[in-house]
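Right, one structure below, let's go through it.
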Amino acid sequence: MRNKILYPLLIIIIIFVTIELSSYLASRYNLLIFNNPPDIYLKKKDSKIEMYWHEKNIWGAWHKKNFTTRHKKSCFDVEYRTNEIGARDDPFLNLQNQKNIILLGDSFAEGLGIEKNNMFERIVENKIDLNVLNFASSKDFGILQYYIIYKYLAKEYPHDKILISLLINNDFKDNDLDYFKKYNLDKINNRTRLRPYYKKDKSDFTIIYPSNAQKIHENTNVFLKNHFWTSNVLRTIKYLYVSKNIRDEKKLFFINDNISLPKHITDYYYTPIHQQEAGIFFLEKIITENLDKKIYLFSIPLYEDYLSIKKNDIRNEIYWYKKLKKFEYEYNNFNFLDLYDYADDNYNKFFSPNVCDGHWNEKGHKWAGDIISKFILHKKVN
């Protein structure tokens, strides 16, 4: 009887140890999407990166105040430092005596994976007599959240300009509750995230929050992720599964509309119309509620976006693009720049490897900063 219990238990232990060892080797050689060591291997002096973000404000994701940590991956090792309100920025002091511009955006604008002094906002500050106040955040930070964080936080600080960074790849979908529920993105550690979503109400959109949403003060309560390398394998499998389903949905979109399936399926063209409508609705609210301020919006293509657009440029047929172009004529305070127009076949060199991260690297921030500076100064970039 004893052997009948011990033998299966021994087999289970051997299998788990084998999986854990394989996961360790795969992580150390950066063979997975996620390769970070479990938290128990971090030195006590190193803050856990998960403690940097929280979700307890009405706009969802934000950073811990007056906090410093390091973010380490195979392609970068950078410091994140926040100020007295939780922005990844210098202290907001003596702002009344400066020319300030509010920056709204997601992880590209937050500068994920980039040292502060190498971010595009620093280049803008150095080229223009402007102080950039960074209100951008990672963690699925979408257009609706840009509107809310501006209305309830950023607006309180002196400024006469607003700079909006728009990542077409995900900014329109980041506040679609049905989309988040479908891919189980609405939960962290089995807790419903406190973050805003939109709801269609005739021709308008209203802001909603899940009734069972909980404040998430930090994302450190995952036993497997904290203690075992196997977590990296499981997270990679989930990421690839979700990515495949999303790509299959995009293929179906082209097939149903009798459109030739392109080699590179870009979110510039494929984004469900209700997501585009919602995003544009809240962007227009930022514009119309701040007619006394100059607003500059630039859209960011990923490399696959660039390849797809280069092969077949139909941007003028796409809802979000047409609306932003139209806003330039309707509102004197609004200016739109698509960074695709200044990219070339070497555009891929501006990104960290997708297997590691996929955001702009230092070269990408330099490239973008130079263009955005000219955009703000002259509206048109030569």
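The values are calculated or read from the model by the stated rules, or taken from the named source; none is laboratory data. Predicted model, so just to flag it, every value in this text is computed and none were measured. Note: ideal-geometry Cβ built from the backbone for every residue, glycine included; neighbour counts use all protein chains shown.
Given the residues ASN169, ASN175, ASN221, which is the only one that is within 21 Å of the chain's Cα centre (by Cα), modelled with pLDDT under 95, closer than 28 Å to PHE67 by Cβ and assigned to a loop (DSSP other than H, G, I, E, B)? Don't jump to the end; show me each part of the working.
Numbers: ASN175 fails: modelled with pLDDT under 95; ASN221 fails: within 21 Å of the chain's Cα centre (by Cα).
Going through ASN169, ASN175, ASN221 in turn, just one is within 21 Å of the chain's Cα centre (by Cα), modelled with pLDDT under 95, closer than 28 Å to PHE67 by Cβ and assigned to a loop (DSSP other than H, G, I, E, B): ASN169.
I need a count of the residues in segment 105-139 that are within 13 Å of the chain's Cα centre (by Cα) and closer than 22 Å to ASN361 by Cβ.
Of the residues in segment 105-139, 13 are within 13 Å of the chain's Cα centre (by Cα) and closer than 22 Å to ASN361 by Cβ.
Do you know which residues across segment 293-307 are in a helix (DSSP H, G or I) and closer than 18 Å to GLN275 by Cβ? Working first, answer last.
So the first thing to find is which residues in segment 293-307 are in a helix (DSSP H, G or I), and the list is 303-307.
Hit for segment 293-307 is ASP305, nothing else.
I'd like to know if segment 61-79 contains one or more residues that are touching a helix residue (DSSP H, G or I) at 6+ places or on another chain (Cβ under 9 Å), outside the structural domain of LEU153 (by TED's automatic domain parsing) and among the small types (Gly, Ala, Ser).
Yes: one or more hits.
Six or more apart or on different chains, Cβ under 8 Å: which pairs go from a residue in segment 4-20 that's under 14 Å from PHE228 (Cα atoms) to one that's of a type outside the set (Ser, Thr, Tyr) and at pLDDT below 80? Could you list them?
If the second residue must be of a type outside the set (Ser, Thr, Tyr) and at pLDDT below 80, the pairs left are ILE19/VAL233; GLU20/PHE228; GLU20/TRP229.
Can you confirm whether segment 312-319 contains a residue that is touching a residue at least 24 places away in the same chain (Cβ under 8 Å) and assigned to a helix (DSSP H, G or I)?
Within segment 312-319, the subset touching a residue at least 24 places away in the same chain (Cβ under 8 Å) is 312, 314-315, 318-319.
Still in the running and assigned to a helix (DSSP H, G or I): 315, 319.
Checking segment 312-319: at least one residue is touching a residue at least 24 places away in the same chain (Cβ under 8 Å) and assigned to a helix (DSSP H, G or I).
Let me confirm something: among GLU277, GLU284, GLU317, GLU362, which residue is farther than 29 Å from ASP77 by Cα and surrounded by fewer than 17 Cβ atoms within 10 Å (Cβ to Cβ)? Steps first, answer last, please.
Working: GLU277 fails: surrounded by fewer than 17 Cβ atoms within 10 Å (Cβ to Cβ); GLU284 fails: surrounded by fewer than 17 Cβ atoms within 10 Å (Cβ to Cβ); GLU362 fails: farther than 29 Å from ASP77 by Cα.
Only one candidate passes the filter, namely GLU317.
This table checks each residue for (1) modelled with pLDDT of 95 or more; (2) closer than 22 Å to SER107 by Cα.
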position	(1), (2)
SER243	no, yes
PHE253	no, no
SER260	no, no
SER299	yes, yes
ASP305	no, yes
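So in segment 320-339, with the set limited to residues that are among the aromatic types (Phe, Trp, Tyr) and without any contact (Cβ under 8 Å) to a residue 60 or more places away in the chain, which one is surrounded by the fewest Cβ atoms within 10 Å (Cβ to Cβ)?
The residue in question is TYR329.
Give segment 70-98 a look and list any residue that's modelled with pLDDT of 90 or more and either within 14 Å of SER138 (Cβ to Cβ) or small (Gly, Ala, Ser) (or both), or say none.
Within segment 70-98, VAL78, TYR80, THR82, GLY86, ALA87, ARG88 qualify.
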